[in-house]
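Chemist: One structure is given below, represented as structure tokens, and several questions about it will come after.
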Amino acid sequence: MLILVTLDTSTHVAPPAARPNRTERTPRKRSFRWWIYLALLPLAAVIGYFAYYPAVSAIFWSFFHWQPASTSTPLGFANYVTMFHDQIWWSSFRNLGFIFIFSVVAWIFPLLAAELLISLKSLRWQFVMRTLLIIPMAFPGVVTALVWGFFYSPNDGVINQTLKALGLEAFAHNWTGEASTALLSLLFVGFPFIAGLPFLIFYSSLQNIPTEVLEAAQLDGVGRFARFWQIDLPLMASQVRILVFLAVVGTLQYGFVAYVLTAGGPDNATMVPILRMINVAFQGGDWGYSAALSTTLFIITIAFSAVVVLVRRRGSTTSDGGAM
Amino acid sequence: MTIARSRPTRQVRLKTTLIVLAAVGLAPYLFMVVTSFKTNQQFADSFWQISFPLHFENYSVAWNQVAPYLFNTAFVAVLSIVLILVIASIAGFVLARYRFAGRAFIYGAVLVLMMVPGLANLIPLFIIMKDLGLLNTYIVLVIPYTAGGVVLGTILIRNFVEGIPQAIFDAARIDGASGARMYRSVMLPLSLPVLGTIALITVSEVWNDFFWPLLVISDNSLRTVSVGLQFFQGQNVTDYGPLMAGYLIASLPLVALFTFLSKYFLAGVQGGVPGAH
């Protein structure tokens with residue numbers, strides 16, 4: 001901050017008509033303004049050392065039998081060859097596929113809630129219901145996971161107790177402890193999945209539909225369901241496309257609920273790539289292999305994120321612009 | 001007549017459905033509140049109903065164990081927020097208001113990081129911290145939150161400052177304001193909403209992050225809320241009242257922030273989406 005005091009003010013009185021930060025061209029050669037770089041130094045140091053350097057070092061060490069405390073031996077592509085034969089790693093991606101499909105299908109609930117909410121006539125009711133629907137977002141994720149874990153627990157768990165009370169003991173399960181139900185149990189954490197980004201996006205895009213469009217539709221006798229298919233969905237298309245890609249990126253990060261409730265078990269039924277990566281490093285001590293897994297995950301995520309950005313850019317110039 | 005009568009009933013049906021949906025969503029949290037006042041015996045008698053007397057002592061039991069986690073989390077969050085806001089506001093201001101060689105490159109380097117989730121760096125960053133001898137310190141917690149926060153912060157602040165009319169800066173300059181003066185007296189006061197949003201995103205990030213504190217902290221007195229609660233659960237597995245009271249205590253600060261500042265919170269949730277900028 002003090003450095004900026006030396007700023008040479010005279011060069012910056014730009015012609016008022018132009019927007020200097022966009023169009024200004026330097027009228028004459030400026031002296032080297034070293035303080036600008038000094039002001040950006042903290043940013044560059046932080047992201048350079050704690051974001052870029054680790055990413056590059058993971059790629060580098062993935063070609064080694066990496067032993068952080070002693071000498072590491074180069075292995076070439078051996079870690080990646082191991083990865084291709086790692087059954088647990090690939091089955092963890094199959095779980096991710098299931099998680100992704102489930103989370104997209106589960107959008108039915110936020111979509112339904114948004115449609116119902118937008119149909120309420122009273123604005124006060126809309127506000128109150130919206131608030132009640134999104135309150136679960138405010139709770140820390142670990143609390144949600146632990147409370148659901150309590151629901152699932154085999155003996156005193158609320159679900160099994162309820163089944164017992166209803167005389168349906170035959171349906172009681174060790175929900176997170178059996179391979180057949182564990183993954184589905186994890187996915188039901190947070191049911192009905194309304195408190196989250198999809199709901200906020202659905203609701204705000206429904207709110208942004210111009211009233212003239214809806215009035216015109218009403219005059220033409222378009223019913224509520226027809227309106228959903230013919231107006232709401234097409235106008236939400238670009239948003240939904242973005243949500244799909246965000247769900248892909250989000251799914252790749254999935255792991256924390258699995259760690260808290262099942263730790264990837266039973267028998268790797270709920271294993272996901274992040275947990276596999278951590279286990280390989282912290283339990284197996286195979287840091288080089290873990291770095292290879294980390295690099296693979298990193299490249300997959302970057303690829304999908306790049307798609308998000310491209311879709312977003314195209315979406316905002318065409319469909320959004322057209323809709324408004 | 002028929003129309004007049006069918007309208008309200010349709011609205012009533014809508015309201016009922018929405019109330020049911022909201023109730024299902026809130027049920028686990030209501031259950032948590034109700035159970036937090038019970039003894040194990042009361043819980044065994046009826047696990048849904050409120051039963052008297054209410055056992056407030058569950059909260060003091062839980063508080064003694066959870067409070068250190070809350071203080072740690074708050075301390076780490078405040079430290080991260082200060083660092084993020086100082087670094088990102090200077091960088092955002094300079095990137096938005098000055099032209100210089102390498103400007104596009106530096107901003108591009110920040111934008112690329114928006115697409116990289118922190119989890120991808122978990123393993124190498126852990127080794128770096130271990131080599132620096134920082135495991136089991138507050139600093140090791142602050143570093144990744146700061147590194148992640150300055151990325152989003154710089155982008156949000158730069159976009160915000162670009163949106164401030166140039167006329168305001170021109171007027172300040174004619175009055176003889178230096179760059180530092182404009183940063184302090186023009187840009188910072190106008191940027192308070194976006195600074196608040198960044199602070200809230202950071203609080204929520206620190207409160208919810210799990211794997212990093214799990215791996216770098218083994219000293220229980222330094223644990224943050226998410227990992228601390230998991231440990232706390234292990235300690236109180238058979239004592240449902242204090243267990244739920246502890247969960248509730250750990251949630252309350254975040255819920256309170258969300259309730260009073262939900263506008264900025266939601267702006268943060270939607271602004272934190274990659275590709276939004």
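Chemist: Among the residues of region B:192-224, how many are within 14 Å of chain A (Cβ to nearest Cβ), within 15 Å of the chain's Cα centre (by Cα) and more than 21 Å from residue B:117 (Cβ to Cβ)?
Modeler: 0
Chemist: Limited to region A:146-177, what total is found for residues that are more than 9 Å from chain B (Cβ to nearest Cβ) and in contact (Cβ under 8 Å) with a residue 40 or more places away in the chain?
Modeler: Final tally of qualifying residues: 3.
Chemist: Would you pick out the residues in region A:230-259 that are among the small types (Gly, Ala, Ser) and either within 13 Å of residue B:210 (Cα to Cα) or within 14 Å of chain B (Cβ to nearest Cβ) (or both)?
Modeler: Those that are among the small types (Gly, Ala, Ser) and either within 13 Å of residue B:210 (Cα to Cα) or within 14 Å of chain B (Cβ to nearest Cβ) (or both): A:238, A:247, A:250, A:255, A:258.
Chemist: Separate question: Determine whether residue A:117 is at the interface with chain B (Cβ under 9 Å from one of its Cβ atoms), touching a residue at least 12 places away in the same chain (Cβ under 8 Å) and more than 24 Å from residue B:226 (Cβ to Cβ).
Modeler: Here the answer is yes, as residue A:117 does meet what is asked.
Chemist: Looking at residue B:104, is it closer than 29 Å to residue B:156 by Cβ and surrounded by fewer than 17 Cβ atoms within 10 Å (Cβ to Cβ)?
Modeler: Yes: the conditions hold for residue B:104.
Chemist: Look through region A:281-298, keep the residues that are within 15 Å of residue A:83 (Cα to Cα) and more than 9 Å from chain B (Cβ to nearest Cβ), and return whichever of them is surrounded by the fewest Cβ atoms within 10 Å (Cβ to Cβ).
Modeler: That would be A:284.
Residues checked against (1) within 19 Å of residue A:243 (Cβ to Cβ); (2) part of a helix (DSSP H, G or I); (3) of a type outside the set (A, V, I, L, M, F, W, C); (4) open to solvent by less than 60 Å² (accessible area, probe 1.4 Å):
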position: A:192; (1), (2), (3), (4): yes, no, yes, yes
position: A:204; (1), (2), (3), (4): yes, yes, yes, yes
position: A:221; (1), (2), (3), (4): no, no, yes, no
position: A:228; (1), (2), (3), (4): yes, yes, no, yes
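Chemist: When you scan region B:78-94, do you find a residue that is closer than 30 Å to residue B:235 by Cα, touching a Phe, Trp or Tyr at 6+ places or on another chain (Cβ under 7 Å) and among the small types (Gly, Ala, Ser), even just one?
Modeler: yes
Chemist: Now, a different point. With the condition kept exactly as written, say whether any residue in region B:52-75 is open to solvent by 70 Å² or more (accessible area, probe 1.4 Å), within 12 Å of chain A (Cβ to nearest Cβ) and in a helix (DSSP H, G or I).
Modeler: No, region B:52-75 contains no residue that is open to solvent by 70 Å² or more (accessible area, probe 1.4 Å), within 12 Å of chain A (Cβ to nearest Cβ) and in a helix (DSSP H, G or I).
Chemist: Looking at this structure, is residue B:95 buried (at least 20 other Cβ atoms within 10 Å of the Cβ) and either of a type outside the set (Asp, Glu) or farther than 26 Å from residue B:186 by Cα (or both)?
Modeler: yes
Chemist: Among the residues of region B:230-253, write down those that are among the β-branched types (Val, Ile, Thr) and part of a loop (DSSP other than H, G, I, E, B).
Modeler: Of everything in region B:230-253, those that are among the β-branched types (Val, Ile, Thr) and part of a loop (DSSP other than H, G, I, E, B) turn out to be B:237, B:238.
Chemist: Might you let me know whether region A:57-72 holds any residue that is open to solvent by 80 Å² or more (accessible area, probe 1.4 Å), out of contact with any Gly (no Cβ under 9 Å at 6 or more places or on another chain) and β-branched (Val, Ile, Thr)?
Modeler: yes
Chemist: With the requirement that a residue be facing another protein chain (nearest Cβ under 7 Å) and either in contact (Cβ under 8 Å) with a residue 40 or more places away in the chain or surrounded by fewer than 24 Cβ atoms within 10 Å (Cβ to Cβ) (or both), what does region A:260-277 give you?
Modeler: A:260
Chemist: Within region B:28-41, restricting attention to residues that are free of Cβ contacts under 8 Å to residues at least 60 places away in the same chain and more than 9 Å from every other protein chain (Cβ to nearest Cβ), which residue is least open to solvent (accessible area, probe 1.4 Å)?
Modeler: Among those residues, the one meeting the criterion is B:34.
Chemist: While we're on this one: Considering each of B:112, B:94 in turn, give the residue that is β-branched (Val, Ile, Thr) and more than 8 Å from chain A (Cβ to nearest Cβ).
Modeler: It is B:112.
Chemist: Buried (at least 19 other Cβ atoms within 10 Å of the Cβ) and closer than 28 Å to residue A:146 by Cα - does that describe any residue in region B:8-20?
Modeler: Yes.
Chemist: For region B:130-139, does any single residue satisfy the condition of being outside any loop (DSSP other than H, G, I, E, B) and either crowded, with 18+ Cβ neighbours inside 10 Å or in contact with a Gly (Cβ under 7 Å, 6 or more places away or on another chain) (or both)?
Modeler: So far as region B:130-139 goes, no, none of its residues is outside any loop (DSSP other than H, G, I, E, B) and either crowded, with 18+ Cβ neighbours inside 10 Å or in contact with a Gly (Cβ under 7 Å, 6 or more places away or on another chain) (or both).
Chemist: I would also like to ask the following. Name the pairs whose Cβ atoms lie under 6 Å apart, with the first residue in region A:31-45 and under 16 Å from residue B:158 (Cα atoms), the second of a type in the set (Ser, Thr, Tyr) and not in a helix (DSSP H, G or I), and 6 or more positions between them or separate chains?
Modeler: Once the first residue is under 16 Å from residue B:158 (Cα atoms) and sits in region A:31-45, its partners that are of a type in the set (Ser, Thr, Tyr) and not in a helix (DSSP H, G or I) give A:36/B:98.
Chemist: Applying the selection to region B:221-250, what residues are without any contact (Cβ under 8 Å) to a residue 40 or more places away in the chain and in contact with a Phe, Trp or Tyr (Cβ under 6 Å, 6 or more places away or on another chain)?
Modeler: B:226 - this is the single residue of region B:221-250 that is without any contact (Cβ under 8 Å) to a residue 40 or more places away in the chain and in contact with a Phe, Trp or Tyr (Cβ under 6 Å, 6 or more places away or on another chain).
Chemist: Is there a residue being touching a Leu at 6+ places or on another chain (Cβ under 7 Å) and more than 30 Å from residue A:298 (Cβ to Cβ) anywhere in region A:207-229?
Modeler: Within region A:207-229, one or more residues are touching a Leu at 6+ places or on another chain (Cβ under 7 Å) and more than 30 Å from residue A:298 (Cβ to Cβ).
Chemist: Quick one: which of B:108, B:148, B:153 is closer than 28 Å to residue A:294 by Cα, out of contact with any helix residue (DSSP H, G or I) (no Cβ under 7 Å at 6 or more places or on another chain) and part of a helix (DSSP H, G or I)?
Modeler: Step by step, each of B:108, B:148, B:153 is checked, and only B:108 is closer than 28 Å to residue A:294 by Cα, out of contact with any helix residue (DSSP H, G or I) (no Cβ under 7 Å at 6 or more places or on another chain) and part of a helix (DSSP H, G or I).
The values are calculated or read from the model by the stated rules, or taken from the named source; none is laboratory data. Predicted model only: the values in this text are computed from it and were never measured. For neighbour counting, all protein chains shown are included, and Cβ atoms are generated from backbone atoms with ideal geometry for every residue, glycine included. In case anyone asks, the SASA skips ligands and DNA or RNA and just uses the protein heavy atoms, side chains included. Shrake-Rupley method; radii C 1.70, N 1.55, O 1.52, S 1.80 Å.
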